[in-house]
Amino acid sequence: MFLARQGISTVLVDKSVFPRDKICGDALSGKVVSILKKLDATILDRFNASPIQLNSWGIKFIAPNLKELKIPFKVNYDTSSPPIGYISKRMEFDNFLVDEVKKYPAINLIQGKEISDFTLEDDEWTIATKDNSTLIKAKLIIACDGAHSSFAKKIGNINMQPEHYCAGLRAYYSGVENLDEDNFIELIFLKEFLPGYLWIFPLPNGMANVGVAMRSDIVSRKKVNLKTSMLNALENYPILKERFKNAKLVDDIKGFGLPLGSKKRKISGDNFMLVGDAASLIDPFSGEGIGNAMKSGMIAAQVAEKCLIANNYSDSFISQYDIEVYNKLWSELNLSRKMQQLVNYPRLFNLVVNKASKNKVLRETIICMFDDLDLREQLKQPSFYFRLMFSK
Ligand SMILES: Cc1cc2nc3c(=O)[nH]c(=O)nc-3n(C[C@H](O)[C@H](O)[C@H](O)COP(=O)(O)OP(=O)(O)OC[C@H]3O[C@@H](n4cnc5c(N)ncnc54)[C@H](O)[C@@H]3O)c2cc1C
């Protein structure tokens, strides 16, 4: 859509026909909101007017000692003002975006065709679909085919590394009790999933998205069966058991991978750029990937326009994409990588939650950390925890 707004024609191919499901927590952060605003000043009005989303006003962290810390996205938030985050089933949110795509004549949208072949010759790709029904010629591929991207593997040489990858499970439930009245999303850091967590995110129509994510190397090392562990946690932890006693599982529990951005990679090359999960850009602490997928998509559109103007699609020219993506995202990804390591020390996590639940100034500092990366940097300083130990 960013390219179409510049009058640049594209072919957009997806193997699915929308609406289609995507296994996800369905939480849309402030980053998603800010990119949608950059794309189109009125798109959020249309999203707000549709019944497919809930406005979310913050996060509830539950520490390994089961103490709770409620952190709104903003101090003194007002639920009558535009929200900072949303929760919306990907089945519906992605379809909403595809409906927006259909408004742009410059986008040739092809659904239900899986791309299986891509050959680069004389500065031009020949792209074929699995059913051999469609052949596309293009100067540039922007590969955004997700966590299992065959393009990233074959052309980008990006392979799955268990220590930079998470296994995730998602379940939809109805009838979960005690969901937050302002739709705070809940991240529950139970000791068996550290440094990952179990989540409960409220959804429209009294539904909830419930899931777990855990680093793949730890799943293998500890021989964890994620599905059994998640169901055990829901049945046996008193804080969960009560809330799930009348809950009904809707649909199967489904799993999918999360390629984490805890490591820099080469994400472009001759005539291509990798975007979103294909480029492994998921936040290693929060598991948030939609915002970074959109942000990298926006940057890819800017670089594509430069390639077109310069008629230069070479690796050396296009590598400005890597520079720009990591300029914008690396400090945050790197900090989240360190926070993911810290969460492995449950006592530190317990300390922050214990102190913050009693100390308003500390709570407000943590709220400001959502927007202020320099402030968030404090979380990786030993002095921060040392001061906490001696604070009231
Ligand atoms: C369990 C779980 C929970 C998560 N929770 C959250 C969350 O709450 N919030 C958040 O921000 N992020 C979350 N994420 C991460 C988020 O889902 C991803 O980061 C995000 O979807 C990445 O977007 P993408 O466009 O790169 O890839 P995708 O959303 O995976 O889209 C890829 C598209 O490519 C298509 N495709 C694939 N292969 C081909 C092919 N060969 N030919 C044609 N089309 C193809 C697919 O049909 C799909 O539509 C979660 C992930 C998981 C697994």
**OP:** Can you give me the number of residues within the range 257-285 that are closer than 18 Å to LEU194 by Cα and over 12 Å from the mean Cα position of the chain (by Cα)?
**Re:** 1
Original post:
Taking the range 273-327 as the search range and keeping residues that are within 13 Å of the ligand (Cβ to nearest atom) and of a type in the set (D, E, K, R), which one is surrounded by the most Cβ atoms within 10 Å (Cβ to Cβ)?
Top reply: ASP277
Subject >> Qualifying residue in the range 40-58 (condition: basic (Lys, Arg) and either away from the ligand (no atom under 13 Å from the Cβ) or part of a helix (DSSP H, G or I) (or both)) >> reply: yes
Original post:
Which of (1) over 18 Å from the mean Cα position of the chain (by Cα); (2) touching a residue at least 40 places away in the same chain (Cβ under 8 Å) is the odd one out, the single condition LEU231 does not satisfy?
Top reply: (2)
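For the range 240-258, check the following and say yes or no: at least one residue is near the ligand (Cβ under 10 Å from one of its atoms) and crowded, with 21+ Cβ neighbours inside 10 Å.
If we filter the range 240-258 for residues that are near the ligand (Cβ under 10 Å from one of its atoms), which is where we start, we get 254-258.
Pick out the ones that are also crowded, with 21+ Cβ neighbours inside 10 Å and you get 258.
Within the range 240-258 (the criterion being near the ligand (Cβ under 10 Å from one of its atoms) and crowded, with 21+ Cβ neighbours inside 10 Å), the answer is yes, since at least one residue qualifies.
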**OP:** Among the residues of the range 19-33, write down those that are near the ligand (Cβ under 8 Å from one of its atoms) and part of a loop (DSSP other than H, G, I, E, B).
**Re:** ARG20, LYS22, ILE23, CYS24, GLY25, ASP26, SER29
Original post:
In the range 120-131, what count of residues is obtained for those that are away from the ligand (no atom under 14 Å from the Cβ) and either assigned to a loop (DSSP other than H, G, I, E, B) or of a type outside the set (A, V, I, L, M) (or both)?
Top reply: 5
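Take the residues in the range 1-18 that are among the β-branched types (Val, Ile, Thr) and within 30 Å of LYS306 (Cα to Cα), then tell me which one is nearest to the ligand (Cβ to nearest atom). Lay out the reasoning, then the answer.
Quick first cut of the range 1-18, residues among the β-branched types (Val, Ile, Thr) only: 8, 10-11, 13, 17.
Going one step further and asking which of them are within 30 Å of LYS306 (Cα to Cα), we end up with 8, 10-11, 13.
Working: ILE8: 19, THR10: 14, VAL11: 11, VAL13: 5 Å.
By that ranking, first place goes to VAL13.
Each row is one residue, and each column tells you yes or no for (1) modelled with pLDDT of 70 or more; (2) in a helix (DSSP H, G or I); (3) touching a Pro at 6+ places or on another chain (Cβ under 9 Å).
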| residue | (1), (2), (3) |
| --- | --- |
| PHE349 | yes, yes, yes |
| SER357 | yes, yes, no |
| LEU362 | yes, yes, no |
| THR365 | yes, yes, no |
| PHE384 | no, yes, no |
**OP:** Under 9 Å between Cβ atoms, at least 6 apart or on separate chains: pull out the pairs that start in the range 17-29 with a residue that is more than 16 Å from ASP283 (Cβ to Cβ) and end on any residue that is near the ligand (Cβ under 7 Å from one of its atoms) and polar (S, T, N, Q).
**Re:** LYS22/SER16
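For the range 152-204, which positions are part of a strand (DSSP E or B), more than 18 Å from LYS223 (Cα to Cα) and more than 11 Å from the ligand (Cβ to nearest atom)?
First, the residues of the range 152-204 that are part of a strand (DSSP E or B): 165-174, 185-188, 197-202.
Still in the running and more than 18 Å from LYS223 (Cα to Cα): 170-174, 185-188, 199-202.
Result: TYR172, TYR173, SER174, GLU186, ILE188, ILE200, PRO202.
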Subject >> Matching residues, the range 132-151, being assigned to a strand (DSSP E or B), out of contact with any helix residue (DSSP H, G or I) (no Cβ under 9 Å at 6 or more places or on another chain) and not basic (Lys, Arg) >> reply: LEU135, ILE136, ALA138
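Here is a list: VAL32, VAL75. Which entry is out of contact with any strand residue (DSSP E or B) (no Cβ under 8 Å at 6 or more places or on another chain) and of a type in the set (Val, Ile, Thr)?
Working: VAL32 fails: out of contact with any strand residue (DSSP E or B) (no Cβ under 8 Å at 6 or more places or on another chain).
Residue meeting the stated conditions: VAL75.
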Original post:
Any idea how many residues of the range 204-229 are among the aliphatic types (A, V, I, L, M) and closer than 14 Å to LEU249 by Cα?
Top reply: 3
Original post:
Does the range 102-119 hold any residues that are outside any strand (DSSP E or B), closer than 28 Å to GLY156 by Cβ and more than 12 Å from the ligand (Cβ to nearest atom), and which are they?
Top reply: TYR104, ALA106
**OP:** Take the range 246-303 and flag every residue that is under 28 Å from GLN340 (Cα atoms) and modelled with pLDDT under 95.
**Re:** ASP283, PRO284, PHE285, SER286, GLY287, GLU288
Original post:
List the pairs whose first member sits in the range 325-351 and is within 28 Å of LEU66 (Cβ to Cβ) and without any contact (Cβ under 8 Å) to a residue 60 or more places away in the chain, whose second member is assigned to a helix (DSSP H, G or I) and of a type in the set (Ser, Thr, Tyr), and whose Cβ atoms are under 6 Å apart, counting only residues at least 6 apart or on separate chains?
Top reply: LEU348/TYR385
Original post:
Looking at the range 42-63, which of its residues are free of Cβ contacts under 8 Å to residues at least 60 places away in the same chain and among the charged types (D, E, K, R)?
Top reply: ASP45, ARG46
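The values are calculated or read from the model by the stated rules, or taken from the named source; none is laboratory data. What you are looking at is a predicted structure, and each value in this text was computed from that prediction instead of being measured. Backbone-built Cβ (ideal geometry, glycine too); neighbour counts: all protein chains shown.
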